[in-house]
């Protein structure tokens, strides 16, 4: 079928919960994808950081195929021989005593919330309905009913109430507001070290360190959602490392599955994890042997190919190159590592036309929060591959889409 036929079919049968660019992809390898008509594109989104290791990394695909030839699912009703080695590798790499495997990022966030609430009720002797978690404006932690309950984005919430109580919103990056928000019933603070979906919003220097200090002062847990910023994306294995912070609870997903299978996990020490006892939480697919084999291979690739170090080096260079374009339509270029946002001035229109123009030139990026073009290529990308597309990016950013539409 042609592109227009695939688009028509999707329009007919798919719920309209996304607004994708009009491209139909059929194949991927490394940093490139090809559409159904054979045109090649550079993937500058990486499935929101799920493809840090690139498309179909040979080592990860091999682990998937080999494990699929043995056993794929046992459920947690039984042990399997893949989960233990995977969790040991993950805990040793991240520096935590235990991990609880789940499937999606949203499930991992829900798991962290449940752990924090149960921990708070036990350690602070709070009544069942009194534990409160502080969250931040602009947050994005998933799409479940509980998670959207504390979103500050109206589109994520409209029509989905009634909402789950127990959350307090404060401005992102504002330590004074956070300090004022603590109460006796505050059990945790849930934060993204960089807000990806909000438009690659980087907080002030030392913000996460300040959050950690306030949590210690008030006897609350620090929950770090590193589903998008973790596993090398920002130039460190975990973005929290930039502030020298070790969160009480670390939430991972996306790249943990190497782009081939959904894998997520929550990591913490015994003091937190011991709140879970048999029957209190679970997942049929969580920790399944296929996921564990893929997760272990995904971690090996990140470490062996030094992808965090590559992200740090290339990210700094690429942001300098983007800033050097000095396009009148661009308000700022911000980010860390290879998580980069190009903010389009409101008077220059929205970011969507820029993404569409990039697509026409063989570059796949996606707008976020209307005004931001996000560049987040697979971490296996090379400087030569980035340099190759810079002229096209420069051409698009210098284009005046407002004048062209008049």
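Any read-out appearing in this document is the output of simple, stated calculations on the displayed coordinates, not a laboratory observation. Every value quoted in this text rests on a predicted model; they were computed, and no experiment measured them. Cβ atoms come from the backbone with ideal geometry, glycine included; neighbour counts cover every protein chain shown.
Computed quantities for the displayed model
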read-out: On Cα atoms only, tilt of 289-304 relative to the major axis of the chain in degrees; value: 70
read-out: Likely footprinting exposure, 151, 283, 298, 14, fewest C-beta neighbours within 10 Å first; value: 14, 283, 151, 298
read-out: Kirkwood Rh, angstrom, the stretch 1-152 [1 / mean 1/r, Cα pairs]; value: 19.9
read-out: Fewest-first sequence of 160, 136, 167 by Cβ atoms within 10 Å of each Cβ; value: 160, 167, 136
read-out: Taking 367, 153, 66 and counting other C-beta atoms within 10 Å, the order from fewest to most; value: 66, 153, 367
read-out: Euclidean distance of C-alpha centroids, the stretch 336-406 and the stretch 112-166, integer Å; value: 34
read-out: Percentage of interatomic Cα-Cα distances in the stretch 252-406 larger than 24 Å; value: 48
read-out: The chain: angle of helix 383-397 to the longest principal axis, Cα-based, in degrees nearest 10; value: 70
read-out: Share, in percent, of DSSP beta bridges within the chain that are antiparallel, nearest 5; value: 65
read-out: Max mean-square fluctuation residue, GNM over the chain, Cα-Cα springs under 10 Å, options 112, 50, 271; value: 271
read-out: Helix 83-94 axis, angle to the chain major axis (alpha carbon atoms, nearest 10°); value: 80
read-out: Alpha-carbon Rg/Rh ratio, for the stretch 343-406, with Rh computed the Kirkwood way; value: 0.98
read-out: Ordering of 182-188, 214-220 by burial proxy (mean other Cβ atoms within 10 Å per residue, highest first); value: 182-188, 214-220
read-out: Gaussian network model of the chain, Cα within-10 Å springs - most flexible of 368, 277, 104; value: 277
